[in-house]
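Only one structure is covered here, and it is reproduced in the block below.
The values are calculated or read from the model by the stated rules, or taken from the named source; none is laboratory data. Only a predicted model underlies this, so the values are computations on that prediction, with no experimental measurement involved. The protein model used for the area step is the full one, side chains on, heavy atoms only, and it has no ligands, DNA or RNA in it. Shrake-Rupley method; radii C 1.70, N 1.55, O 1.52, S 1.80 Å.
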Amino acid sequence: MTANKKTRGFSYIEVIIALALFAIVVLAVIPTMSQAGRNMTFAVDAYDGHLQAQRIMLAVRDALASGTDPKTRVASITSNFEYSVWVFGRYAQEFHTIDTPDVSAAVAGTNIALANSTIITVVWGEDGQVIGHAVGMV
């Protein structure tokens with residue numbers, strides 16, 4: 001009994017064409033997956049930066065409210081990152097771990113209420129960009 005054309009399966013040409021189409025689709029998806037990985041890394045870094053800024057801001061607020069030195073309190077909780085702190089109002093002061101923070105970039109778009117002291121905390125990335133910030137009041 002001979003096999004008829006319907007039961008023979010795919011020819012080599014059909015398999016090669018299918019593999020070529022599959023390769024084209026995979027090559028189109030790889031850059032998208034790579035970009036997604038970079039975006040995820042950026043998002044994790046930004047989230048960590050915002051959490052660090054929030055921790056610093058809360059430490060400064062607690063130190064000012066209790067009458068202790070906020071620089072000492074902040075120095076005890078920070079490591080491996082650069083930060084800047086500006087306090088506007090009653091407890092006005094500034095301290096940071098870098099020589100020339102870009103104040104205009106850090107406080108851009110921030111509404112500073114001067115009735116009480118406003119604390120602006122900024123965490124800087126390795127490339128000098130703002131990776132996290134927090135604003136609070138005493």
Do we have any residue at all in segment 8-23 that's polar (S, T, N, Q) and open to solvent by 80 Å² or more (accessible area, probe 1.4 Å)? no
Just for segment 33-87: of the residues that are part of a strand (DSSP E or B) and under 15 Å from the mean Cα position of the chain (by Cα), which one is farthest from T121 (Cα to Cα)? E82
Residue ID - nearest to S117 (Cα to Cα), chosen from residues in segment 70-93 that are at pLDDT 80 or above and open to solvent by 80 Å² or more (accessible area, probe 1.4 Å): K71
